[in-house]
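The values are calculated or read from the model by the stated rules, or taken from the named source; none is laboratory data. As the structure is a prediction and not an experimental result, all values here were calculated from the model. So basically every Cβ, Gly included, is an ideal-geometry build from the backbone, and we count neighbours across all protein chains shown.
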Amino acid sequence: MKISKRRPRQIGVLVGLILVFFSAVVYFFYSTNRESTFYDLLINRIESHQELLENNIGALNPSGYHLILTNEKYAIFDINGNAIYSSPGSPTKINKALLYALQVNAKGIHLGQNGDVQEVYELVSIANLKEKYIIYSSAYDLIGEQRQNFLLRVMFIGSLILSLFTYFLVSRVAKNDLYPLELASEQMGNINFENLSERVTLVNKENEVGAMVTAFNGVLDRLQKNIVQQQNFVSFVSHELRNPLAIIQGQSEVALFKERDKVEYIRVLKDIKSEVKDTILLVNDLLLLASVNVANTQVPFSEGYVEEAIWKAQSLVKKKMPEAEIVIDFPENIEREDFFLMERVNLDLMKIVFLNLMDNACKYSEIKYVNVKITGDENRLIFVFSDKGMGIPATELKSIFEPFYRASHTNTIQGHGLGLPLVKQIVDLHRGYTEIKSIVGEGTEVTVTLPQKINA
């Protein structure tokens, strides 16, 4: 059942139960008060009878009262419980238990109920007669009962009407409040893979439904971005793998087309070897990029000195490019032995970060020079890689960390556009951040900031 129907019913029933409980309490106190008031009236009747006896007016006659009670009866008994005078239908004898109760009662009054009739016995003293008598008075509170029954009907009908009114009022309010949610739900249901660019529209974005729609649209934005990236990734991978494989196939077909001399075969095999090597490097980079995109729990971290990764990366670059000049600028007067210590680090991944940044700096520079300046404090380490290469156009810096993206003026230099995206992914895994500045014709500066402590 929909909330717009279930909630009004629940609230309507709840209001009905509250009103029934309230009505029952009112009815109980009204009934108790009515009985008590009518007993007081009967006691006043007895006091009037007592005055008649004291004044020797004669027979008791209720017709002289301003208020005539329904089925009123009265009687006078001696101290032994024998009737001296009684109206028709009144008791003619008082049993011993009632006599005893009247005598031990401090007020000498007994209140009772005989069906719908309320009864009062009172032990009184008649001064001029110097005797004690028991006066009996009873009647049926017809007017009080009618009022009580009318109150019961009013409360029942009122509770029913208020419950129904509450149900319809809450239904209207719930329908109006939940309409935006139903509209948003309908729009959400119409969004699929084919129209993923569509978004849920809502007029009022200030309430909870608006916040939910905003969050849902945000999820769609991220989902669409990831799907586009995945599609581009597959497209780029297919393109990058197709080229070397096509070259290998072409070289093989040419070599097999006719017999050639040994020198020609060696040249073809060297070309194939070069393409295979480049393809292997591409595949390794792709696998590494995919591995650092998974959850952090699958990447092992431990405590370690990141200085080791710097030296290993420098050594690998020097082996690849002996002419490269890599200057590592350590801070002066390092006072702490744990300056390079990180509580959460994967040294193999950090070596890849430093290797890629040093390799890029040398590869895109004619003089093959890179300066690595290291600074930091108690909470972080900062590595600044500066080169004097060709630089990157300012309009392309925002895309430089996207997989397979390469600056427009680097087409003549071998590469796949995976180095910087890999650097950023690894630094992000270490809860650090990467910044890049570049001026075309002057060089590029990449800053890597890493936290030394887990909670830094």
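Here are a few things to note about the model shown:
- Which listed residue, of G158, G218, G189, G210, is out of contact with any Asp or Glu (no Cβ under 6 Å at 6 or more places or on another chain) and closer than 30 Å to I18 by Cα: G158
- For the range 312-327, a residue qualifies if it is over 50 Å from the mean Cα position of the chain (by Cα) and among the aliphatic types (A, V, I, L, M), and the qualifying residues are L316, V317, M321, A324, I326, V327.
- Residue count for the range 339-362, restricted to those that are surrounded by fewer than 18 Cβ atoms within 10 Å (Cβ to Cβ) and in contact (Cβ under 8 Å) with a residue 60 or more places away in the chain: 2.
- Scanning the range 419-455 for residues that are in a loop (DSSP other than H, G, I, E, B) and either aromatic (F, W, Y) or modelled with pLDDT under 75 (or both) yields I454, N455.
- Just so you know, in the range 238-259 the residues that are touching a helix residue (DSSP H, G or I) at 6+ places or on another chain (Cβ under 8 Å) and modelled with pLDDT of 75 or more include one that is farthest from G417 (Cα to Cα), and it is S252.
- Screening the range 112-149 for residues that are among the polar types (S, T, N, Q) and out of contact with any strand residue (DSSP E or B) (no Cβ under 8 Å at 6 or more places or on another chain) and picking the one that is surrounded by the most Cβ atoms within 10 Å (Cβ to Cβ) gives Q148.
- L281 meets the conditions (1) more than 20 Å from H430 (Cβ to Cβ); (2) modelled with pLDDT of 75 or more in every case but one. The failed one is (2).
- In the range 423-439, residue farthest from A309 (Cα to Cα) [restricted to those that are among the β-branched types (V, I, T) and surrounded by 15 or more Cβ atoms within 10 Å (Cβ to Cβ)]: I436
- Condition met for I367 (farther than 25 Å from V299 by Cβ and β-branched (V, I, T)): yes
- Look at (1) in a loop (DSSP other than H, G, I, E, B); (2) in contact (Cβ under 8 Å) with a residue 24 or more places away in the chain and you find that A407 fails only one, number (2).
To keep it simple, each residue is scored yes or no on (1) charged (D, E, K, R); (2) in the same structural domain as R406 (by TED's automatic domain parsing); (3) at pLDDT 85 or above.
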residue: D338; (1), (2), (3): yes, yes, no
residue: R344; (1), (2), (3): yes, yes, yes
residue: L355; (1), (2), (3): no, yes, yes
residue: D359; (1), (2), (3): yes, yes, yes
residue: S365; (1), (2), (3): no, yes, no
residue: V384; (1), (2), (3): no, yes, yes
residue: M390; (1), (2), (3): no, yes, yes
residue: P393; (1), (2), (3): no, yes, yes
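- Test: residue in the range 21-43 that is at pLDDT below 85 and out of contact with any Ser or Thr (no Cβ under 8 Å at 6 or more places or on another chain): no
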